[in-house]
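For reference, the structure is listed below as structure tokens.
The values are calculated or read from the model by the stated rules, or taken from the named source; none is laboratory data. On a predicted model such as this, the values are computed, not experimentally measured, just so you know. Heads up, the Cβs are rebuilt from the backbone with ideal geometry, glycines too, and the neighbour counts pull from every protein chain shown. Quick note on the areas: whole protein, heavy atoms, side chains included, nothing else; ligands and nucleic acids left out. Shrake-Rupley method; radii C 1.70, N 1.55, O 1.52, S 1.80 Å.
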Amino acid sequence: MRAYQVCMQKGGCSPASTVTPPAADAEEPAGEDSPPADQFAEAWSRRCNEPQRFLDHPINCVDWSSADNYCRFVGRRLPTEAEWELAARGPAARVYAWGGAAPDCQRACYDKNQSCRPAGEDVATCAVMSRKGDVTTDGVFDLGGNVAEWVVDGFAPTPAGGDDPRGPEAAPLRVVKGAGFVDEAPRLHAAVRDGMAPAAAAARVGFRCAADVPVDAHTVPPER
């Protein structure tokens with residue numbers, strides 16, 4: 001979140017301080033069933049990290065365009081769905097980002113609305129990399145829980161085949177991968193995917209950026 005605030009201070013990023021009503025997102029406030037839209041927005045906007053200056057927590061409450069814009073601002077891009085899933089599952093297609101062991105409250109940041117919320121603690125994200133068990137063999141943290149993440153692809157119910165299939169650009173929804181801090185254990189499976197309206201901003205959804213690997217000029221065969 002600290003890096004996103006720098007982008008805001010430089011005029012490159014929009015504030016990340018409010019959520020959209022339930023029609024655009026599936027999360028529900030603690031202890032309330034189907035609240036009116038204004039109550040929903042008020043309740044979940046209190047879980048936005050930017051206005052609270054939770055600098056060591058992930059950015060959340062950003063729509064797809066804000067996520068895409070930040071990545072471009074820092075010279076990177078949103079990952080594709082296939083890139084995200086490969087990072088989480090690895091070539092061996094791990095069940096969870098860390099391997100095959102079932103999720104628990106010490107390993108990953110999830111279900112903070114219910115069983116994984118310590119008594120007296122508010123419903124909130126966790127500091128990044130604070131769950132030391134939620135890490136891949138390549139050292140990538142928090143692909144299991146904390147916040148779900150926007151990727152670049154348009155959402156199709158069944159992804160296309162191939163090494164790096166791209167979702168339809170004109171699709172009305174964008175793909176969200178991973179689980180958020182209020183999601184239950186089954187959603188931590190690394191293959192789980194959702195479609196969300198790109199204008200939606202949710203407390204359980206953030207993003208991370210990807211970068212292309214530079215081609216080493218010494219490894220490129222000379223033209224003939």
Contact list, first residue from region 183-201 and closer than 14 Å to residue 149 by Cβ and free of Cβ contacts under 8 Å to residues at least 40 places away in the same chain, second anywhere and among the charged types (D, E, K, R) and part of a strand (DSSP E or B), beta-carbon distance below 9 Å, six or more apart or interchain, is 192/177
Considering only residues that are under 15 Å from residue 57 (Cα atoms), open to solvent by 30 Å² or more (accessible area, probe 1.4 Å) and at pLDDT 95 or above, which ones fall in region 99-130? 127, 128, 129, 130
Tell me which residues, restricted to region 153-193, are closer than 21 Å to residue 68 by Cβ and open to solvent by less than 40 Å² (accessible area, probe 1.4 Å). 153, 154, 156, 165, 167, 171, 174, 175, 176, 177, 178, 180
Suppose we filter region 108-158 for residues that are under 17 Å from residue 190 (Cα atoms) and of a type in the set (S, T, N, Q); how many remain? 4
Residues satisfying the stated conditions in region 34-59, i.e. touching a residue at least 40 places away in the same chain (Cβ under 8 Å), open to solvent by less than 70 Å² (accessible area, probe 1.4 Å) and not β-branched (Val, Ile, Thr): 44, 45, 47, 48, 49, 50, 54, 55, 57, 58
In region 197-215, what count of residues is obtained for those that are modelled with pLDDT of 95 or more, of a type outside the set (A, V, I, L, M) and over 14 Å from residue 80 (Cα atoms)? 3
Pull out all pairs, ordered by first then second residue, where Cβ-Cβ is under 6 Å, the residues are six or more apart or on different chains, the first lies in region 68-89 and is more than 15 Å from residue 166 (Cβ to Cβ), and the second is open to solvent by 50 Å² or more (accessible area, probe 1.4 Å) and small (Gly, Ala, Ser). 76/211
With the structure loaded, tell me whether residue 126 is of a type outside the set (A, V, I, L, M), more than 16 Å from the chain's Cα centre (by Cα) and closer than 30 Å to residue 43 by Cα or whether it fails that test. no
Could you please give the count of residues in region 85-98 that are buried (at least 18 other Cβ atoms within 10 Å of the Cβ) and small (Gly, Ala, Ser)? 3
